[in-house]
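The structure appears below as structure tokens.
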Amino acid sequence: MPIEELPAARIYKYEFEVPIKRSAGKVWSLMTDEVNSWWMNDFRALGEKSTMTLDAQTGGLLVERNENGESLEWYRVQMCQPEKALYLNGYLAPDWGGPTLSMLKLALEVEGDACLLNVSDALMGNVTEASAKSAQSGWEMMFRDGLGRFAER
């Protein structure tokens, strides 16, 4: 296979907020312990019947598995501050537009009886403005329509 030169690495960062009408403690529990319940089917790389799990401790994994024994590591936990923040590192292979490193932070801020989920992501590698906007749009959908709606039902 010939050697292929890729474009120079770029770095993009985006952030957004998702207000959720549940306590930060409850949202943390749902976000970490029940990820399979709110993770949307459109975002399951191994099929709609796959299972998502998150081990919310340093070195823990956000992993997708299916009944055929296939698995995908989405992210690895870099830092965990229970009921406050998760720092996650994930990689995109060239097959999915990479090589790219994603440094995703999910932070909860108490707002009375509700909370605010602050999402920020820094992407480094084979990233374009369009691919960064696509990532942001996908995560906004996941956390608003997936986690947010699940938490408020």
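Laid out as a table, the results:
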item: Some residue of the stretch 43-59 being at pLDDT 95 or above, in a helix (DSSP H, G or I) and surrounded by 14 or more Cβ atoms within 10 Å (Cβ to Cβ); result: yes
item: Residue list for the stretch 83-140, restricted to those being within 30 Å of Glu4 (Cα to Cα), touching a residue at least 12 places away in the same chain (Cβ under 8 Å) and polar (S, T, N, Q); result: Asn89, Thr100, Ser102, Asn126, Thr128, Ser131, Gln136
item: Residue list for the stretch 13-29, filter: closer than 14 Å to Ala56 by Cα and surrounded by 18 or more Cβ atoms within 10 Å (Cβ to Cβ); result: Val27, Trp28
item: Counted residues, the stretch 2-32 - those being among the hydrophobic types (A, V, I, L, M, F, W, C), farther than 24 Å from Thr128 by Cβ and not in a strand (DSSP E or B); result: 5
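The values are calculated or read from the model by the stated rules, or taken from the named source; none is laboratory data. This structure is a prediction, so every number in the text was calculated from the model and none was measured. FYI the Cβ positions are ideal-geometry reconstructions off the backbone, even for glycines, and counts take in every protein chain you see.
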